[in-house]
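First the structure, in the form of structure tokens, and then the observations on it.
The values are calculated or read from the model by the stated rules, or taken from the named source; none is laboratory data. These figures come from a predicted structure and were not determined experimentally. Positions of Cβ are backbone-derived with ideal geometry, glycine not excepted, and every protein chain shown enters the neighbour counts.
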Amino acid sequence: MSTVNILIVIDVGLALSQQNLGNCVYMMDTNRYLGSNGAGGSELQTVCVNGQRVVWTVVSIDPNLPVAIGGFSSNGSYPAAYPNMINPTAVPDTGGMVWGGNVNQANTQAQYSVNLLVGDDNTPMSFDPFITATNQ
């Protein structure tokens, strides 16, 4: 079973000026057109299989403006992906830029929050993509 890699690209300068991630998040995953949808924005809907590893990597469009993943949480809305469906942890020696975890249970259209530390002052900001895992 292959790893699903999710790339999160942040326009840090715009996010800091707006104090909001609204139009500043661009996501895609390695599933290409094999089930995931919503690539290119903040509402990526990643499709995977129960037991599969998912790895998130965050980068800034501007290499002079830092961004890191501070953690994951549940936003309390849809069926929650975190912490039962997936519970990612930071990959050592990546400065918080890479997190990964194994899918622990199947769920459809589960939502999770990606909590970011944005800019030199580590301004906390978050957004809420989706994940679906099947029992195939």
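From the list D62, D29, pick out the single residue that is in contact (Cβ under 8 Å) with a residue 12 or more places away in the chain and within 15 Å of the chain's Cα centre (by Cα). Outline the logic, then answer.
Values: D62 fails: within 15 Å of the chain's Cα centre (by Cα).
Just a single option satisfies the conditions, and that option is D29.
Among the residues of the stretch 49-57, is any closer than 14 Å to L7 by Cβ, touching a Gly at 6+ places or on another chain (Cβ under 6 Å) and without any contact (Cβ under 8 Å) to a residue 60 or more places away in the chain?
yes
Could you please give the count of residues in the stretch 1-26 that are surrounded by fewer than 17 Cβ atoms within 10 Å (Cβ to Cβ) and more than 14 Å from the chain's Cα centre (by Cα)?
Qualifying residue count, the stretch 1-26: 11.
Evaluate the following for A81: is it of a type in the set (A, V, I, L, M) and either modelled with pLDDT of 90 or more or farther than 18 Å from T46 by Cα (or both)? Show your work before the answer.
On the way: of a type in the set (A, V, I, L, M): yes; either modelled with pLDDT of 90 or more or farther than 18 Å from T46 by Cα (or both): no.
The answer is no for A81.
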